[in-house]
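**Student:** For reference, the structure I am asking about is given below.
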Amino acid sequence: METPELTRAIAAATSVASSLDLEVTDAVVLHNSNKLALRLTPCDVFARVAPEGQEVAQLEIELAQRLAEVGSPVAALEPRVDPLVYKRDGFAITLWAYYEPVTPDVSPADFAAALEQLHVGMRKIDVPIPRFTDRIAEAAELVANPDLSPALGDADREFLSSRLESLRQAIEDRGAPEQLLHGEPHPGNLLSTKHGPLFIDFETCCRGPVEFDLAHVPVDVSRHYPGIDQALLDDCRQLVLAMVAAWRWDIEDQFPNGSQYGKELLRLLHNGPPWPTLDAVTLQ
């Protein structure tokens, strides 16, 4: 979020928390992109803030509750308030428990075990969730429309559009089993807590092969996950690079250094395999 919207978003989250009798004297920005993550103190609440109408916060709340019920490693909603989506000044705000990090990172083995446990829990619940192909279609629409991605050159537009379609077809042709997935279980969405690793941010949940989730994690993590189809994982890693490249060219994208990342991801796609994971992508 840009500074004026960021200021309003922080004020909205602070106002909602205060109205719920949570003491707030400060709001620390933990992450700022298209959505905002805040630590509200001294009540120690984790607040997620998104422009109203651009979020699926109610679905995220439902998923977190149901996954917790089946013992999945997920962060809890803030227990002192009702589990609702709070609307204020054009923003949708959800309130979660804040977890003090116990280590800087989760070990690859523990990360893989937590993701496998999450996938087991996800197979136990049934919610209407779109397939991963819907996310590909959204990326493809962004690439195809110059009004949505005006800075993307014609040659790169054609290349990226073709790559998204060919990868969608290749992955579907493999006919791998599909299930409910996190959608983006990268290291930024896994907390190291005294309760063990806990996943957050379920707004991108979708159905697909587990290799689609594994394409978002570091290579060392995927090596600890059992029963992987390596060829399918390679396709999914390439697909993730292509989709993220598309999002970085969105005229409304607010990712820091987004245009540079978009160019770097296109370079990697042109260069060919081996396909890096997103955590390994650095700007040249």
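FYI, it's all coordinate maths here, none of it is from the lab. Predicted model, so just to flag it, every value in this text is computed and none were measured. As a convention, Cβ positions derive from the backbone with ideal geometry for all residues, glycine included, and neighbour counts pool all protein chains shown.
**Student:** Taking the Cα-to-Cβ direction at THR3 and at LEU148 and moving 7 Å from each Cα, how far apart do the two end points lie in nm?
**Tutor:** 3.1
**Student:** For labels at ALA155 and GLU138 in the simple 7 Å Cα→Cβ model, what's the distance in nm?
**Tutor:** Result for the modelled spin labels: 3.1 nm.
**Student:** Which angle between 0 and 90 degrees, to the nearest 10, do you get for helix 258-271 versus the longest principal axis of the chain when only C-alpha atoms count?
**Tutor:** For 258-271 against the chain, the angle is about 30 degrees.
**Student:** Within the range 113-143, what residues put their amide N at less than 19 Å from the label point 7 Å along the Cα-to-Cβ vector of ARG223?
**Tutor:** Answer for this model: 113-116.
**Student:** A further question on this structure: Semi-axes of the equivalent ellipsoid for the chain, please: Cα gyration tensor eigenvalues, times 5, square-rooted, ordered largest first, whole Å.
**Tutor:** Result for the chain: semi-axes of 31, 24, 17 Å.
**Student:** Compare GLY53, GLY196, GLY262 in a GNM of the chain, Cα atoms joined below 10 Å, and give the one with the largest fluctuation.
**Tutor:** GLY53
**Student:** Please determine, in degrees from 0 to 90 and to the nearest 10, the orientation of helix 57-69 with respect to the longest principal axis defined by the Cα atoms of the chain, where the helix direction is its Cα long axis.
**Tutor:** Approximately 80 degrees, to the nearest 10.
**Student:** All other residues with a Cβ under 11 Å from the Cβ of LYS263 taken together, and with Lys, Arg as +1 and Asp, Glu as -1, what is their net charge?
**Tutor:** Charge balance in the 11 Å sphere: 0.
**Student:** Label ASP173 and GLU116 with points 7 Å out from Cα along Cα→Cβ: what is the distance between them in nm?
**Tutor:** Result for the modelled spin labels: 3.1 nm.
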